[in-house]
């Protein structure tokens with residue numbers, strides 16, 4: 001039986017591939033548990049610098065496995081949705097930048113996965129939707145990261161009509177960073193990963209944490225917390241090395 005999650009490591013880049021193509025890469029309980037375990041392992045892996053999230057087969061992910069959402073108990077539903085929420089938060093809380101590699105349709109919790117990643121590159125054939133309302137299950141948890149990356153009215157249109165949006169529309173709204181031809185997807189992902197690999201992993205981790213920590217705060221509170229973070233950053237070795245390297249006109253040597 002094929003592993004539902006493929007874990008590959010090369011040159012500081014960890015690639016996690018959802019591997020249930022026969023089920024449209026639906027996020028079964030087993031797959032979510034594997035993702036949670038993998039994110040935990042990556043968190044403590046100092047050699048892991050970038051994470052790429054991909055899908056096998058023609059679909060990126062169709063969201064929850066609906067076969068697991070029929071006739072369960074309140075306890076089972078709560079356990080499943082809490083597990084899914086931990087995975088999405090796990091992507092946010094990783095120090096490493098996470099890139100979604102989206103080659104096909106991403107719907108419901110699959111769209112949530114994309115929105116929970118830090119960056120996303122999609123092919124021209126990709127599409128995105130939160131169609132839960134069509135089956136009587138509003139995409140409430142997918143809505144959480146979605147409204148943090150695209151405008152509220154655009155998110156509400158997706159949530160209330162279930163209509164998919166194209167990759168180009170996703171680019172316009174900010175759900176993805178760029179759209180490329182299918183044959184150029186891996187090169188585009190690698191180019192983005194290479195740009196990240198050239199930078200200080202410690203500083204990137206600090207900056208990612210700050211980005212999400214400061215979201216939604218009022219301006220004065222955000223400045224107060226950002227000042228503390230800037231002080232922490234300025235005191236770290238990589239900041240001192242980077243500034244010195246710039247002044248000395250040489251390449252920095254990160255810790």
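The values are calculated or read from the model by the stated rules, or taken from the named source; none is laboratory data. From a predicted model like this one, the values you see are computed outputs, not experimental measurements. We place every Cβ from the backbone using ideal geometry, glycine too, and count neighbours over all the protein chains shown.
Taken over region 208-218, residues that are over 12 Å from residue 93 (Cβ atoms) and either assigned by TED's automatic domain parsing to the domain that holds residue 42 or in contact (Cβ under 8 Å) with a residue 12 or more places away in the chain (or both) amount to 3.
The residues of region 12-44 that are within 14 Å of residue 99 (Cβ to Cβ) and in a loop (DSSP other than H, G, I, E, B) amount to a single one, 12. Looking across region 125-178 at every residue that is loosely packed, with under 15 Cβ neighbours inside 10 Å and within 14 Å of residue 105 (Cα to Cα), the one that is farthest from the chain's Cα centre (by Cα) is identified as 163.
Within region 214-237, the set of residues being surrounded by 14 or more Cβ atoms within 10 Å (Cβ to Cβ) and outside any helix (DSSP H, G or I) comprises just one member, 236. When region 45-73 is filtered for residues that are assigned to a strand (DSSP E or B) and closer than 10 Å to residue 21 by Cα, the ones remaining, listed by number, are 55, 61.
Of the strands (runs of 3 or more DSSP E) contained entirely in region 98-182, those carrying at least 2 residues that are within 19 Å of residue 211 (Cα to Cα) fall at 98-102, 119-123.
With respect to the conditions (1) closer than 30 Å to residue 151 by Cβ; (2) part of a helix (DSSP H, G or I), residue 243 lacks only one, and its number is (1). The requirement of being over 27 Å from residue 86 (Cβ atoms), at pLDDT 95 or above and surrounded by 11 or more Cβ atoms within 10 Å (Cβ to Cβ) is fulfilled somewhere in region 200-213, by at least one residue.
Could you tell me whether any residue of region 179-198 is in contact with a helix residue (DSSP H, G or I) (Cβ under 8 Å, 6 or more places away or on another chain) and without any contact (Cβ under 8 Å) to a residue 40 or more places away in the chain? The answer is no; no qualifying residue exists. Of the candidates 68, 30, the single residue that is under 17 Å from residue 109 (Cα atoms) and modelled with pLDDT under 95 is 68.
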